[in-house]
Amino acid sequence: QVQLVESGGGLVQPGGSLRLSCAASGFTFNKNAMRWYRQAPGKQRELVAIITMGGITNYGDFVKGRFTISRDNVKNTIYLQMNSLQPGDTAVYYCNVRMFVDDYWGQGTQVTVSS
């Protein structure tokens, strides 16, 4: 079955950096686009970044050049390098893959940006 396991979250000061990872299994990783979403308390889940199977990337408007999504098709893992983090980036970050009409999610990793 599809499994997505996120890691790398934590507490960081404003202006700091974190690198999130998502290890995938149970499907043909290199044939699927992968996404990072986030959800802050009381807010809707929003798309952070997407990377196609060919490595083309796109980002939510709020990213503004601060985050970079990447993938390793040997390790079946995607990453989200987050720089210049701000308190508004505080959220649970989720890895996602969409296959046909089904969405699969990891358990999420908490990112807290606070001084």
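See the values below:
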item: Listed residues 105, 36 arranged by accessible area, highest first, probe 1.4 Å; result: 105, 36
item: Value of relative contact order over the chain, rounded to a whole percent, pairs C-alpha under 8 Å and six or more apart; result: 37 percent
item: Ratio of the Cα radius of gyration of the chain to 2.2 N^0.38 Å, where N counts its residues; result: 1.00
item: Full-stretch length increase - residue 72, residue 114 - with 0.36 nm per residue and alpha-carbon distance subtracted; result: 12.1 nm
item: With every protein chain in place, the chain: carbon and sulfur % of accessible area (1.4 Å); result: 49 percent
item: Per residue, in Å², the accessible surface of the chain once ligands and nucleic acids are set aside, probe 1.4 Å; result: 54 Å²
item: Whole-angstrom gap from the stretch 12-52 to the stretch 83-113, using each part's C-alpha centre; result: 4 Å
item: Computed magnitude of the charge dipole of the stretch 1-98 (debye, nearest 20; Cβ of K, R +1, Cβ of D, E -1); result: 140 debye
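The values are calculated or read from the model by the stated rules, or taken from the named source; none is laboratory data. This one's a predicted model, so the numbers in the text were calculated from it and none came from an experiment. Glycine gets a Cβ as well: all are built from the backbone with ideal geometry, and neighbour counts include every protein chain shown. Note: accessible area is taken over every heavy atom of the protein model, side chains too, but ligands, DNA and RNA are not part of it. Shrake-Rupley method; radii C 1.70, N 1.55, O 1.52, S 1.80 Å.
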